[in-house]
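The values are calculated or read from the model by the stated rules, or taken from the named source; none is laboratory data. Please read all numbers here as calculations on a predicted model, not as lab measurements. We place every Cβ from the backbone using ideal geometry, glycine too, and count neighbours over all the protein chains shown. For accessibility, only protein heavy atoms count, side chains too; no ligands or nucleic acids. Shrake-Rupley method; radii C 1.70, N 1.55, O 1.52, S 1.80 Å.
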Amino acid sequence: GPVATGYLAQQGARVIRIESSRRPDFLRLLHVTAENRDAPDILERAPMFVLLNAEKESLAINMKKPEGIALVRRLIEEWADVVAENFAPGVMERWGLDYANLREARPDLVMVSGCLFGQTGPQRDYPGFGGQGAAIAGFNHMTGWPDAEALGPYGTITDSLSPRFVATALMAALLHLRRTGEGQSIDVSQIETGVYSLAEMVVRYSATGEIMTRAGNRSEHAAPHGIYPCRAQEGAEGRSE
């Protein structure tokens, strides 16, 4: 959600991020320590939060109170063209802010959800982040040495992949809205975007039954490629150039 809407904010869209002052975004807390926790601007310092939310406005609302929910609903009904969320399924429904409820007042609303498993299916209630998404999609199987256990790629892969799909689908929906006046709900599963990005694995298995696996630092698409021993410098036995 933050990355996908960040693309729009950087292109001039007015994006308002709804936050909680009681439970700050965990990215805001990355650099909070016992020594600096009392600094008045500590929640504004986290580089990753600033990077993902540049050009956005922030609004802190207590969603545990009916007044808070009513305020968000008013903001959607009277101002927003798009609602983007990536809660686990069920959260927006409990607030009465799901697409089925919102479209009664705003049939032209575009809404996009981007959680781990998406809004449907037997695993829809499984919450998680990009680390789980990378493992379930198959990235961990491809990362590491062939004779060792899977290590998984660095970082939260599907957290980085899925925003590209979310933003693209969102822009297509806005173009459709401009042409037809029709809003729509978009459901993007992080794991499905990961599987799509591993299309080579799927195609190879479908075509030949080949199961791709870890290859360490080797690549079949580049030559020469790898780590090679070098001849030692003269007079420096045991050392390599």
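In this simple spin-label approximation, residue 154 and residue 44 carry label points 7 Å from Cα along the Cα→Cβ vector, and these lie 3.2 nm apart.
Residues within the reach of a label modelled at residue 199 (point 7 angstrom out along Cα to beta-carbon, backbone nitrogen below 11 Å), restricted to the range 138-169: there are none. When the Gaussian network model of the chain links Cα atoms closer than 10 Å, the mean-square fluctuations of 142, 48, 171 top out at 48. Pairwise Cα distances in the range 24-151 exceed 18 Å for 69 percent of all pairs. Model label sites at residue 164 and residue 11, defined 7 Å from Cα along the beta-carbon direction, differ in position by 1.6 nm. Looking at (1) 1.06; (2) 1.09; (3) 0.98, which value of Rg/Rh (Cα atoms, Kirkwood Rh) comes from a calculation on the structure shown? It is the value labelled (2). Need the full-extension length gain, residue 178 to residue 78, defined as separation in residues times 0.36 nm minus the C-alpha distance. One decimal, nm. Roughly 34.2 nm would be gained on extension.
Computed with the Debye formula from one identical point scatterer per Cα of the range 143-204, without solvent, the log10 of I(q)/I(0) at q = 0.28 Å⁻¹ comes to -1.14.
Rolling a 1.4 Å probe across all protein chains gives residue 44 an accessible area of roughly 120 Å². Summing Cβ point charges (Lys, Arg +1; Asp, Glu -1) relative to the Cα centre of the chain gives a dipole of roughly 400 debye. Applying 0.36 nm per residue to the separation of residue 120 and residue 65 and subtracting their alpha-carbon distance, the gain on full extension is 17.0 nm.
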